[in-house]
Amino acid sequence: MTETTSLSSRGSAAVSPQRRPRLFRTIVLGVAVATVAIGTTVGAVGQSRFAEVLPPFATAIDWGLLALLALGALGFVIAATVDSDLGRVGFVTVGAFAVLGALADGAFLPAVGATLAGSGVAAASQLPTATSARSIAAWGVTGALLIGTGASIVGALGVEPATLRTLGGVLLFVGLATLPLWIGVGGLDAALGIFVGAFVVGIGTGAPTVMGAVLLGGLGVVGVPLLLVAAGVGGAVAAISGALRQGRQVTALGGGLVLAAGVPVSLPAVTAVAVGAATMAVREGER
């Protein structure tokens with residue numbers, strides 16, 4: 001009887017109301033990352049000499065629309081799992097305008113503004129307030145990602161494009177390169193990041209056409225030095241590895257969302273980077 005009761009208690013705990021929203025959040029976050037990553041991959045391959053290998057359905061699907069819908073759902077789900085009122089408002093705003101942007105072409109500019117503002121509010125409500133090196137890194141990385149996103153999309157709209165798109169890309173990859181200072185990484189994580197960064201440099205120097213298709217067609221990179229791109233990708237991989245090793249799946253997926261989106265030159269990419277940055281800031285106690 002006691003054993004039956006114990007098993008029943010464990011089963012109830014596994015599906016407790018407190019844990020269900022957070023489990024669902026992780027699932028929705030994973031779906032959003034996968035959708036953005038596939039869209040980026042299709043865009044990169046489609047701009048390369050390997051475009052013919054893409055199946056017809058891959059290019060027929062509107063991955064941007066799917067990404068916005070997934071990110072909109074993610075914003076609402078995260079809002080249900082944070083304790084801060086400002087955090088809820090920020091994530092709900094992002095979710096609402098992601099869906100609006102997916103359904104109404106004329107909502108592009110309001111959606112961009114609301115997404116950046118909502119993500120900034122959500123992140124600020126979650127970031128640590130204590131004065132420490134890691135707290136400073138957290139605020140610095142988040143600021144670089146969000147400011148870089150704003151600069152990049154303004155440049156993509158035709159305002160000083162050569163300057164602002166490059167500035168946005170530089171800030172984004174600086175943020176990714178310094179992400180390990182915020183997340184915390186071990187020796188194995190750092191080694192993995194260095195390996196990936198070196199691989200990016202190797203491909204960029206050995207097969208510049210392929211790398212150009214990936215950077216421009218997939219990640220929207222313009223005017224960013226290859227070494228900085230490699231440092232950003234390597235830093236992101238190291239941070240994601242460190243977060244996973246620490247059992248921080250939400251942080252890892254948030255970093256993956258930023259990395260998969262690349263330099264934002266569209267509403268789906270803006271939303272992905274902004275939501276990813278704010279998601280990484282979600283407090284430990286609310287994960």
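The values are calculated or read from the model by the stated rules, or taken from the named source; none is laboratory data. Only a predicted model underlies this, so the values are computations on that prediction, with no experimental measurement involved. Backbone-built Cβ (ideal geometry, glycine too); neighbour counts: all protein chains shown.
Residues considered: Ala156, Ala151. Of these, the only one that is touching a Lys or Arg at 6+ places or on another chain (Cβ under 7 Å), more than 16 Å from Gly87 (Cβ to Cβ) and among the aliphatic types (A, V, I, L, M) is Ala156.
When Ala73 is tested against (1) of a type outside the set (Ser, Thr, Tyr); (2) surrounded by fewer than 23 Cβ atoms within 10 Å (Cβ to Cβ); (3) in contact with a Pro (Cβ under 9 Å, 6 or more places away or on another chain); (4) touching a residue at least 40 places away in the same chain (Cβ under 8 Å), exactly one condition is not met: (3).
Taking first residues from the stretch 96-110 that are over 13 Å from Gly72 (Cβ atoms) and partners that are part of a helix (DSSP H, G or I), the Cβ contacts under 9 Å between residues at least 6 apart in sequence or on separate chains come to Phe108/Gly101; Phe108/Leu267; Pro110/Phe97; Pro110/Leu100; Pro110/Gly101.
If you go through the stretch 219-273 and keep only what is β-branched (Val, Ile, Thr) and either under 19 Å from Ile147 (Cα atoms) or not in a helix (DSSP H, G or I) (or both), you end up with Val221, Val222, Val224, Val229, Val233, Val258, Val263, Val265, Val270, Thr271, Val273.
The number of residues in the stretch 126-148 being among the polar types (S, T, N, Q) and within 17 Å of Gly235 (Cβ to Cβ) comes to 1. The selection criterion, being at pLDDT below 95, buried (at least 20 other Cβ atoms within 10 Å of the Cβ) and touching a Phe, Trp or Tyr at 6+ places or on another chain (Cβ under 8 Å), holds for Val224. In the stretch 107-117 there is at least one residue matching the filter, namely being surrounded by 15 or more Cβ atoms within 10 Å (Cβ to Cβ) and more than 16 Å from Leu68 (Cα to Cα). Among the residues making up the stretch 151-179, those that are within 18 Å of the chain's Cα centre (by Cα) and surrounded by fewer than 24 Cβ atoms within 10 Å (Cβ to Cβ) are Val170, Leu171, Val174, Thr178.
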